[in-house]
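Taking it in order: structure first as structure tokens, then the write-up.
Nothing in this text is a laboratory measurement; each read-out follows from the coordinates by a stated rule. Just so we're clear, the structure is a prediction, and the values are computed from it rather than from any experiment. Because the Cβ atoms are built from the backbone with ideal geometry, glycine has one as well, and the counts that use them run over all protein chains shown.
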Amino acid sequence: MLLFRICNRYAMRYYLLRREDLPRYVDFLMKLGFRVIAPKVEGGALVYGYLSKGEEFVDAVPTFFAKPFMGKESIFDLNSSSLPPTIYFTRSCEAAGVGMLDDVRLKGPFVDAIYMKKRKSIKLANLACTRSCSPKAFCGSLQGPRLESGFSMQLTDVGGDYFVELNDDELPAADFMRPAGAELLGKAREAVRGVLSEQAKVSLDYELKWNDAIWNELAGKCIECGACTLACPTCFCYSVDYRDWSRQEDSCLWAGFTRMAGGNPRQSLEARLKQRFYHKLEYHRDRYGYILCTGCGRCTMACPVDIDIRSIMTRFSRVSGSD
Ligand code: SF4
Ligand code: SF4
């Protein structure tokens, strides 16, 4: 996978952090001036949000990932000052998703200056998963539950302690963390192996068929709620509101998406569903060399009618006996 790297390469440093000291470390980073976004409970719901103290950190995975560009934003941002530095606690599926967004929005041929400004302020702190978050997840068939690169910090639970990989000179260790050696990398890789055995393997060897009956079947089930696209860490489409020159995330499944003078060129829901899956599973792969999916399973978790991206890949699999 070719991921655009927004950060420089640094010498990796290794530490051990006691599990119970993670909130303390978050407080330590906040005292240094970092804002921290992480899973927290807000209004009774598990969401991503800014922490006001380390104790708010919840070691769980919210269904909706707050992408770095979500919410309404002005398309004429004339303020050139940089944004406050922010540490974003992610899971591997989310950090890999941000890497894919970087490829699309920063790598060219056009650079998204608004996204670039936000992204430059964000450091990814990845929390490796040592068990599968859901039976609908299949990250093990893609980038896996922990990353080898693409983060400023990564934490892996190696049995009571987090093995901490610091890959950013601007992120210091606290004095209550113990220096560790690279030999623990093997233990960290071993710690996430259970995730791979918990998940059914999904074959990436498939070829979608344009005239297959499944597209019509899916259109008969889908209620066009857009939850799948909003939950997905890799969907990046937005619409522009020319009344106030702002933009906001949009869903390719909505009839109002890409509305032009002559209306939406994809009039039927079947055509819009087909576009969603062809874009993720074929067009993006043709252009970037990897599919626009990290196997997080969120689209399937969020879908009220159980439309499952794995069933599309399996239906068109070229591997006999694939399930
Ligand atoms: S398409 Fe579904 S499984 Fe893939 S990254 Fe998006 S939400 Fe996750
Ligand atoms: S979540 Fe399911 S029902 Fe809603 S738009 Fe996506 S596929 Fe359709």
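Quick look at the numbers
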quantity: Filtered residues of segment 272-308 (kept if within 14 Å of ligand 2 (Cβ to nearest atom) and among the small types (Gly, Ala, Ser)); calculated: Gly297, Ala302
quantity: Residues of segment 299-317 classified as out of contact with any strand residue (DSSP E or B) (no Cβ under 9 Å at 6 or more places or on another chain) and hydroxyl-bearing (Ser, Thr, Tyr), total; calculated: 2
quantity: Residues being more than 20 Å from Ile307 (Cα to Cα) and more than 16 Å from ligand 1 (Cβ to nearest atom) - total across segment 267-290; calculated: 4
quantity: Residues within segment 217-242 that are closer than 15 Å to Ile309 by Cα, more than 10 Å from ligand 2 (Cβ to nearest atom) and not charged (D, E, K, R), tallied; calculated: 3
quantity: Qualifying positions in segment 83-116 - in contact with a strand residue (DSSP E or B) (Cβ under 8 Å, 6 or more places away or on another chain) and farther than 30 Å from Val195 by Cα; calculated: Pro84, Pro85, Ile114
quantity: From the options Ser203, Ser132, residue that is assigned to a loop (DSSP other than H, G, I, E, B), touching a strand residue (DSSP E or B) at 6+ places or on another chain (Cβ under 6 Å), small (Gly, Ala, Ser) and touching a residue at least 60 places away in the same chain (Cβ under 8 Å); calculated: Ser203
quantity: Residue check, Lys40 part of a strand (DSSP E or B) and more than 21 Å from Ser149 (Cα to Cα); calculated: yes
quantity: Selection count, segment 236-249, where residues are touching a helix residue (DSSP H, G or I) at 6+ places or on another chain (Cβ under 8 Å) and free of Cβ contacts under 8 Å to residues at least 24 places away in the same chain; calculated: 1
quantity: Test: residue in segment 83-97 that is among the aliphatic types (A, V, I, L, M), in a helix (DSSP H, G or I) and either free of Cβ contacts under 8 Å to residues at least 60 places away in the same chain or in contact with a Ser or Thr (Cβ under 7 Å, 6 or more places away or on another chain) (or both); calculated: yes
quantity: Residue count for segment 291-306, restricted to those that are buried (at least 20 other Cβ atoms within 10 Å of the Cβ) and either more than 9 Å from ligand 1 (Cβ to nearest atom) or acidic (Asp, Glu) (or both); calculated: 0
quantity: Selection status of Ala137, in contact (Cβ under 8 Å) with a residue 24 or more places away in the chain, surrounded by 15 or more Cβ atoms within 10 Å (Cβ to Cβ) and in contact with a Gly (Cβ under 8 Å, 6 or more places away or on another chain); calculated: yes
quantity: Selection from segment 206-238 of residues that are of a type outside the set (Val, Ile, Thr), in a loop (DSSP other than H, G, I, E, B) and surrounded by 16 or more Cβ atoms within 10 Å (Cβ to Cβ); calculated: Leu208, Cys222, Gly226, Cys232, Pro233, Cys235, Phe236
quantity: Spans of helices (runs of 4 or more DSSP H) in segment 243-323 with at least 2 residues over 17 Å from Lys136 (Cβ atoms); calculated: 269-278, 284-288
quantity: Residue match in segment 56-73 (condition: surrounded by fewer than 17 Cβ atoms within 10 Å (Cβ to Cβ), outside any loop (DSSP other than H, G, I, E, B) and not acidic (Asp, Glu)); calculated: no
